[in-house]
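The values are calculated or read from the model by the stated rules, or taken from the named source; none is laboratory data. Just so it is clear, the structure is predicted and the values come from calculations on it, not from any experiment. Glycine also receives a Cβ, built like all others from the backbone with ideal geometry; neighbour counts cover every protein chain displayed.
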Amino acid sequence: MKIIKENSPGILLCLAIALPSWFLGKHFPVIGGPVIAIIAGMIITLLIKNKSRLEPGIKFTSKKILQWAVILLGFGLNLNVILKTGAQSLPIILITIGVSLIISYILCKVMRIPEKISTLVGIGSSICGGSAIAATAPVIDADDEEVAQAISVIFFFNVLAALLFPQFGTFLGFDTTSGEAFGIFAGTAVNDTSSVTAAASTWDAMYQLGSQTLDKAVTVKLTRTLAIIPITLVLAFIRTKKAKDAGNGKVDMKKIFPFFILYFVLASVITTVASGMGISSAVFNPIKELSKFFIILAMAAIGINTNIVKLVKTGGKPIFMGLCCWIGVTAASLLMQYVMGIW
């Protein structure tokens, strides 16, 4: 009862921001609810003079509810479907992830960009935007301002990709009688699900392909999402090693190991088994929607804890890193498709 009393004011504030952000995100999918929630949170926090009563609930929302969102995300993954139709795109996915991580690592060292922001931008650019950042942030113990900055960078290039890539695909001469080539391109080179959907749907509409491109792009995107598992486990191992090397004594694995990722895997297994038993995937749609809403809720909390003035002042280097990762991932995707004879 005490925990509810302490957390409820902050959670209610986040909820008041998240609900309209969720509805607006439905109407403006290219922007998306999470970005709207972060921006609204950053503006509203300027009007709050004393956040002491709100802080416990805000912290609970930005940490715990964010982890629950990642767990519920697993119910949207049917491993059998991904293995069957995503195998073709796997080499492209691995190369694009590798390129983005290498670029972010090099720029982190050369430009002296904070390590946690570099990690979030690199992983967000290479895997699945906001979802990957949501999964990674608790593992590396990133603060809310670092998460907000990474989300902002990813959002900017998501919008550019959704708007420019369909025209870019036409310029490059992608097959317009099938959605396969552009679907793989959108699924591997665009970060967030909303922007992948927007770009693929635009291609389908441009060339009257029904939902061919969208189906392919979403499957490839879901295959990319699975990379969250090894990435977060590796980051947890690195963090544990650093803690030991720093002489911090006995390291509490319960605090460092991302157990919520194991629940994410379990959720995926449950969906896969249920589908194998003939249960429609539509059964899990409400859980998938709840996952998306939880991410928006957590982003509202992160926005409230973010200093917008500081974010603008320190945003130059992360944006440049995001640009380099975006260009690198796009080039790697096109090169691999050319080598594999897809394009």
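What about residue 273, is it surrounded by fewer than 16 Cβ atoms within 10 Å (Cβ to Cβ), among the hydrophobic types (A, V, I, L, M, F, W, C), under 22 Å from the mean Cα position of the chain (by Cα) and modelled with pLDDT of 85 or more? When the stated conditions are applied, residue 273 does not pass them. The single condition among (1) surrounded by fewer than 16 Cβ atoms within 10 Å (Cβ to Cβ); (2) in contact with a helix residue (DSSP H, G or I) (Cβ under 8 Å, 6 or more places away or on another chain); (3) over 25 Å from residue 142 (Cα atoms) that residue 83 does not meet is (2).
In the stretch 1-34, the qualifying residues are those that are of a type in the set (Val, Ile, Thr) and not in a helix (DSSP H, G or I), and the one that is modelled with the highest pLDDT is 31. In the set 126, 201, 152, only one residue is more than 18 Å from residue 89 (Cα to Cα), hydroxyl-bearing (Ser, Thr, Tyr) and within 16 Å of the chain's Cα centre (by Cα); that residue is 152.
Per-residue answers, yes or no, for (1) in contact with a His (Cβ under 9 Å, 6 or more places away or on another chain); (2) within 19 Å of residue 307 (Cβ to Cβ); (3) β-branched (Val, Ile, Thr); (4) surrounded by fewer than 21 Cβ atoms within 10 Å (Cβ to Cβ):
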position	(1), (2), (3), (4)
110	no, no, yes, yes
115	no, no, no, yes
120	no, yes, no, no
125	no, no, no, no
137	no, yes, no, no
146	no, yes, no, no
154	no, no, yes, no
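You will find that of 278, 341, 247, the residue that is part of a loop (DSSP other than H, G, I, E, B), modelled with pLDDT under 85, surrounded by fewer than 18 Cβ atoms within 10 Å (Cβ to Cβ) and not acidic (Asp, Glu) is 247 and no other.
When 11, 4 are checked against the criterion of being buried (at least 16 other Cβ atoms within 10 Å of the Cβ) and among the aliphatic types (A, V, I, L, M), a single residue qualifies: 11.
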